[in-house]
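**Student:** Sending over a structure as structure tokens; questions will come in a sec.
The values are calculated or read from the model by the stated rules, or taken from the named source; none is laboratory data. If you're wondering where the values come from, they're calculated on a predicted model, not measured in any experiment. Note: ideal-geometry Cβ built from the backbone for every residue, glycine included; neighbour counts use all protein chains shown. For the accessible areas, the whole protein counts, side chains as well, though only heavy atoms, and no ligand, DNA or RNA atoms are used. Shrake-Rupley method; radii C 1.70, N 1.55, O 1.52, S 1.80 Å.
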Amino acid sequence: MNSSTKNQDPRSQKNIQNFSSSKFPNFDICIIGGGPAGLEAGIVAKELDANVIIIDDNPVLGGQLIKQTHKFFGSKAHYCGVRGIDIAKILTDMVDELKIDVLNNATVVGYYDDDTLGVLKEDKLFPIKAKIYIFAAGASENMLVFENSDLPGVYGAGAVQTMMNVYGVVPGKRALVIGSGNIGLIVPYQLLQAGVEVAAIIEILDKIGGYYVHAAKIKRAGVPIYLRHTIIQAKGKDCVEAAVITQVGDKFENLKGTEKTIECDMILIAIGLSPLCELLYQAGCRIDYVPELGGNVPYHNENMMTSKSHIFVCGDLACIEEASTAMLEGKIAGAKAYETLYKENKKSNEIIVQANKELSNIRSSPFEQRILSGKEKMR
Amino acid sequence: MKGYITEHPILEFKRGKKVKFYFEDKEIEGYEGLPIAAALHAAGIRVLSISERYNRPRGFFCAVGKCSSCLMEVDGNSNVMVCMEPLRSGMRVRRQKGKGQKQ
Ligand SMILES: Cc1cc2nc3c(=O)[nH]c(=O)nc-3n(C[C@H](O)[C@H](O)[C@H](O)COP(=O)(O)OP(=O)(O)OC[C@H]3O[C@@H](n4cnc5c(N)ncnc54)[C@H](O)[C@@H]3O)c2cc1C
Ligand code: FES
């Protein structure tokens, strides 16, 4: 974002009217976010013959996938064994082939009363209007509060993954990772691949949060995982130089006398993600608090429709899950958006039936029980 | 250039051309087109700004333009999100103090 708009609030409605919308025709369907969910939604809707635009704030499409160097799990139909970066390439190629309109380096900054989006690109703010919006903006990393947690060196684990795998820069030499979910297990392994030391992974619960395979791999590489541990302090003058961790008791209270100082210049926070639903608040969509789905999430029905019939959601923005389910939800949202605008047909129907079948297959695993009960709660 | 991953078992990095830019008036090198934050961290610079009230050092947090933890002064403009803003030749980058000099 640049700053020539800095004196005025670029998001004010008055401001947006100063820009001509003639260059940007009205669209049937506008998709906000070009990650796996948004791309699948766009591909499906375009294949069904809707007029689609995808807006993303990055220079390249793919969302989280552009930094996932590991091979994905799941079934063949869901790109099992394919690296995230390669899935991004496959989806991006499809978007190119279908000649879907894409607006890169463009951030959606507002949703206005007349159902127009405010889009900021290279210092210009302009409106985009569509009959239907599909929000697929993903999620942002959660922060953790402890003494000196504002010191440079305390980073989101995904942030370091972006720096390292997208830009080829590692912002430190020795890392401590907080949280043992899949992100907390995968990122340290990729740090090792990039030649960075990993001091340890700590986890406050008494069991590892992520998949067993990922945990086994990182343990084999010699990285200890301390269960029932938390961080209480970062040490350092200008940047992180060490971290103090402690064991916790049954009520997660810090156990006195168990503190340990770990030398590190990076503390990676991998304690979960929160859906990015600010724009949906602006649009007046109902937001529910459902911890199983990641906290505050936009209400949506099984068709991925929110409380507003012209707004759909999919992927991590609808519930924190994984790329395979994000893609399937994207397909459903894309096809349902099409059906809302035009009419149900054999092809759209098939897409939805097939995607739902695959979704319930994935969600039948014990790992996914949480998601199912969360979605149940919302209904 | 130092500070960049050169050998990686899976990835190959295609980078733009080398350019000179300035951090606090000191000349450093970086690759054109990568975010300013990447160039600074490759050069070992991790403190991006100083907080408004307690003068505490601040660094990036999300690296994807979502948290505003990385705002710096670039070419005289305050509040530039350096984890997203691409590096260009001759840019003048400064640590921002609080809300910045120029509003
Ligand atoms: C370390 C790690 C490992 C993972 N491993 C796996 C795995 O092995 N298997 C698996 O299935 N999943 C995995 N995942 C999860 C998977 O990457 C995500 O669930 C998936 O990417 C979510 O897709 P999405 O399209 O909903 O969101 P995202 O991929 O986050 O895409 C959203 C896009 O929208 C853009 N955007 C956001 N706001 C705006 C705005 N206002 N204007 C314009 N654009 C905007 C974002 O920049 C982004 O490009 C992993 C995730 C991480 C972090
Ligand atoms: S680090 Fe979060 S916006 Fe730049």
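**Student:** Do you know which residues across the stretch A:331-379 are at pLDDT 95 or above and touching a strand residue (DSSP E or B) at 6+ places or on another chain (Cβ under 8 Å)?
**Tutor:** Hits for the stretch A:331-379 are A:A333, A:G334, A:K336, A:A337, A:Y338, A:T340, A:L341.
**Student:** Among the residues of the stretch A:319-347, write down those that are surrounded by 22 or more Cβ atoms within 10 Å (Cβ to Cβ) and among the hydroxyl-bearing types (S, T, Y).
**Tutor:** A:T325, A:Y338
**Student:** Which condition number does A:K131 fail, the rest of (1) surrounded by 19 or more Cβ atoms within 10 Å (Cβ to Cβ); (2) touching a His at 6+ places or on another chain (Cβ under 7 Å) being met?
**Tutor:** (1)
**Student:** Considering only the stretch B:31-66, state which residues are of a type in the set (G, A, S), more than 12 Å from the chain's Cα centre (by Cα) and within 11 Å of ligand 2 (Cβ to nearest atom).
**Tutor:** B:G65
**Student:** Follow-up question, since we're still on this one. Can you list the strands (runs of 3 or more DSSP E) lying wholly within chain B that have 3 or more residues being open to solvent by less than 80 Å² (accessible area, probe 1.4 Å), touching a Gly at 6+ places or on another chain (Cβ under 8 Å) and facing another protein chain (nearest Cβ under 10 Å)?
**Tutor:** B:77-81
**Student:** For the stretch A:1-112, please list each of the helices (runs of 4 or more DSSP H) lying entirely inside it that holds at least 2 residues being at pLDDT 95 or above and under 30 Å from A:Y189 (Cα atoms).
**Tutor:** A:36-47, A:84-97
**Student:** Let me ask you something else. Would you please list the contacts, defined by Cβ atoms under 6 Å and residues six or more apart or on different chains, that run from a residue in the stretch A:302-331 that is part of a helix (DSSP H, G or I) to a residue that is within 16 Å of ligand 2 (Cβ to nearest atom)?
**Tutor:** Qualifying pairs under 6 Å: A:D316/A:G138; A:D316/A:A139; A:L317/A:A137; A:L317/A:G138; A:L317/A:L276.
**Student:** Before we move on, is B:L87 closer than 16 Å to A:D238 by Cα and either within 16 Å of ligand 2 (Cβ to nearest atom) or touching a residue at least 24 places away in the same chain (Cβ under 8 Å) (or both)?
**Tutor:** No.
**Student:** Give me a count of the residues in the stretch A:69-120 that are of a type in the set (G, A, S) and either within 14 Å of another protein chain (Cβ to nearest Cβ) or loosely packed, with under 15 Cβ neighbours inside 10 Å (or both).
**Tutor:** Total meeting the criteria: 6.
**Student:** Further question: Determine which single condition A:K235 fails, assuming it passes every other condition in (1) surrounded by 18 or more Cβ atoms within 10 Å (Cβ to Cβ); (2) among the basic types (K, R); (3) touching a residue at least 60 places away in the same chain (Cβ under 8 Å).
**Tutor:** Condition (1) is where A:K235 drops out.
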